[in-house]
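Just below is one structure, and these are the notes that go with it.
Quick note: the coordinates plus some simple rules give every number you see, no bench work behind them. The structure displayed is predicted, hence computed values, not measured ones. Cβ placement follows ideal geometry from the backbone for every residue including glycine, while neighbour counts extend to all protein chains displayed.
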Amino acid sequence: MIYFIKFLYSTFLFPPGIFIVGFCLFCLLLYRQKSVFTKGAVLLTFLFYLSTIPYVSDRIIGSLESAYQPPRIINGDVIIMLGGGATLDTPNVYGLGHLSGFAANRLLTCAQLYQKLHIPIIVSGGKVLETTGSEADISKVILIGLGVPAEKVIVENKSLNTTENAKFTKELVEQYGFRQPILVTSAFHMERSVLQFRKVNVAVTPYPTDYQTNVERKFQPHQLWPSASALLDISLALKEYVGILAVKWY
């Protein structure tokens, strides 16, 4: 019984579920008043509901994550990690600043690859906003704390977006004479990232990580309940699709 009660309040009393309940009540009010806006309100409510359920979000973001698969046999002479957000002054074991969940997952994969290959890591990502941390600098501190030698971590801390990640990382790849870079970023972000590196004539081996959904998707009833994480995944996916179009067109 306690699990059912928890399901009810976590699904329908917190966003986005509470908004859907409110929209449904508003649609009922319009229907009783025989308003000409009833059909439009119902349609918008239904579309919003679809954008909040994992059944839809898993398929939309999963279409991006399936673009590349990690190679079974991995070879390269440098690992490139793209940043994905960082806090500025939160206390860490080795200083201040934490990576976002996306970036932290990327870093863990880079650390694992380093243990297999023992090749340098380029961490790419600067201080995007005044209230955010320098992603590459924070990444280096964490990698060193995980046992990666300081001389094996190369910092690129000027880039503010994926376009600049590729541009400034290319300079380091050429400076150090690397020939087989392995690109590590979130699976949903990989297709756009590969396109950006291709535009600057850097061929990379994609190694996606930080998956937001399972590779094999099986339907379960809970996938139809409103979820804030589903709304976030759809937002991430739409941003990536817009970015992919922008890379291809410009």
Using alpha carbon positions and the Kirkwood radius, the Rg to Rh ratio of the chain is 1.07
Which residue, 66, 35, 208, has the largest displacement toward the positive end of the dipole of the chain when charges sit on each Cβ (Lys, Arg +1; Asp, Glu -1)? 35
Mean projected area (nm²) of the alpha-carbon convex hull when the stretch 137-217 is viewed from all directions: 6.4 nm²
Rg and Dmax [Cα atoms of the stretch 78-209; Å; Rg one decimal, Dmax integer]: 13.3, 39
Out of all DSSP beta bridges in the chain, what portion is antiparallel? Express it as a percent rounded to 5. 25 percent
So what's the net charge close to residue 111: Lys and Arg +1, Asp and Glu -1, counting the other residues with Cβ under 13 Å from its Cβ? +4
What does the charge add up to near residue 78, with Lys and Arg as +1, Asp and Glu as -1, over the other residues with Cβ less than 11 Å from its Cβ? +1
Let me know the charge dipole size of the stretch 20-165 about its Cα centre in debye, to the nearest 20, where only the beta-carbon of Lys, Arg (+1) and Asp, Glu (-1) is charged. 700 debye
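In debye, nearest 20: dipole of the chain around its Cα centre with unit charges on the Cβ of K, R (+) and D, E (-)?
Computed charge dipole of the chain: roughly 760 debye.
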Mind checking the full-extension length gain between residue 89 and residue 235? Use 0.36 nm per residue of separation minus the Cα-Cα distance, one decimal, nm. 49.9 nm
For residue 199, the aspartates and glutamates lying under 18 Å Cα to Cα, once residues fewer than eight places off in the same chain are dropped, come out as 164, 171, 174, 191, 240
